[in-house]
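The structure appears below as structure tokens.
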Amino acid sequence: MKDDISSKELALEYPCIWCYKVIISADNDMETISKRVLHEREYSVKLSRSSQKNSYKSYDLELLVFSDEDRKSLFKALKMDIDIKFVL
């Protein structure tokens with residue numbers, strides 16, 4: 001019988017560096033989006049991939065998270081931004 005990993009909590013020691021994969025339309029600016037969502041928090045962002053037709057780009061957005069609640073609330077904030085298509 002396999003374990004259901006969806007019900008397991010991550011065993012992380014906080015604070016820690018966390019990386020979100022963020023996918024946006026190629027005509028949007030990830031730096032502007034990051035500042036809008038993260039406000040004054042320090043972060044780093046780097047291009048990860050572009051789609052074959054260059055209509056979408058994925059970025060690695062890395063920042064320090066302070067708790068499980070902080071990590072999850074940042075995920076929700078990114079997911080709710082109008083210019084972000086997908087967050088992992």
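Brief remarks follow.
- Residue within the range 67-85 that is in a loop (DSSP other than H, G, I, E, B), among the β-branched types (Val, Ile, Thr) and modelled with pLDDT of 95 or more present: yes
- Identity of the residue in the range 32-62, assigned to a loop (DSSP other than H, G, I, E, B) and hydroxyl-bearing (Ser, Thr, Tyr), that ends up nearest to Leu74 (Cα to Cα): Tyr43
- Some residue of the range 50-63 being touching a residue at least 60 places away in the same chain (Cβ under 8 Å) and either over 16 Å from Leu88 (Cα atoms) or of a type in the set (Val, Ile, Thr) (or both): no
- Any hit, the range 12-19, residues being in a strand (DSSP E or B), in contact (Cβ under 8 Å) with a residue 60 or more places away in the chain and within 12 Å of the chain's Cα centre (by Cα): no
- Condition check for Tyr56: surrounded by 11 or more Cβ atoms within 10 Å (Cβ to Cβ), under 30 Å from Ala11 (Cβ atoms) and at pLDDT 95 or above: no
The values are calculated or read from the model by the stated rules, or taken from the named source; none is laboratory data. Just so it is clear, the model here is predicted, and its values are computed rather than measured. Positions of Cβ are generated from backbone atoms using ideal geometry, with glycine treated the same way; all protein chains shown enter the neighbour counts.
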